[in-house]
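Worksheet for the structure shown next.
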Amino acid sequence: MKKLLAVLLLAFCSAHAIADQALPEITLEIKGHKLTAEVAASDSTRTTGLMHRRMMPENRGMLFVFPYASPQSFWMMNTYIPLSIAFVDEHGTIVNIADMKPLTTDPHPSAKPAKYALEMNLGWFAKHGIKAGAKIDGLKNAPPPQ
């Protein structure tokens, strides 16, 4: 029992240590609108994403970088912030945008293979007139996927 408790405690501490590490940030631009995105480029940071956070400042988001373009799907388990997500192909073109409700396990899939996903506060893309087909500039500055 003590060994099991020690293993669980170690796993819990490791997960929080990963979440507490500062992620790299890059500046992206979409249709003249600049934003700052934290970059989740490893399996652990992509898995954790924006979980457990209670707010995100305006014009900030999280960019998920995948090793190659493939069908992607996101959900909002343990995520308290209502978000909109843009799935982006390897050329930087948004393939689709979905709105996501907090604390749900509803799947939100990409309409086509995506190499990137960009999460912003709910309604950010609509507020700025950004739709599928828009290009995102600055993705080349993202750290490579791990």
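The values are calculated or read from the model by the stated rules, or taken from the named source; none is laboratory data. Source: prediction; values computed, not measured. All Cβ positions, glycine included, derive from the backbone under ideal geometry; neighbour counts span all protein chains shown. Heads up: the accessible areas ignore ligands, DNA and RNA and are worked out on the full protein's heavy atoms, side chains in. Shrake-Rupley method; radii C 1.70, N 1.55, O 1.52, S 1.80 Å.
Structure notes:
- Which listed residue is part of a loop (DSSP other than H, G, I, E, B), touching a strand residue (DSSP E or B) at 6+ places or on another chain (Cβ under 9 Å) and open to solvent by 50 Å² or more (accessible area, probe 1.4 Å), from ASP106, ASP99: ASP106
- If the condition is being assigned to a strand (DSSP E or B), open to solvent by less than 30 Å² (accessible area, probe 1.4 Å) and under 18 Å from ALA69 (Cβ atoms), then segment 120-146 contributes only ILE136.
- Test: residue in segment 30-48 that is over 18 Å from ILE94 (Cα atoms), touching a Phe, Trp or Tyr at 6+ places or on another chain (Cβ under 9 Å) and assigned to a loop (DSSP other than H, G, I, E, B): yes
- If you check ILE81, ILE94, ILE85 for being under 9 Å from the mean Cα position of the chain (by Cα), surrounded by 17 or more Cβ atoms within 10 Å (Cβ to Cβ) and not in a helix (DSSP H, G or I), only one passes: ILE85.
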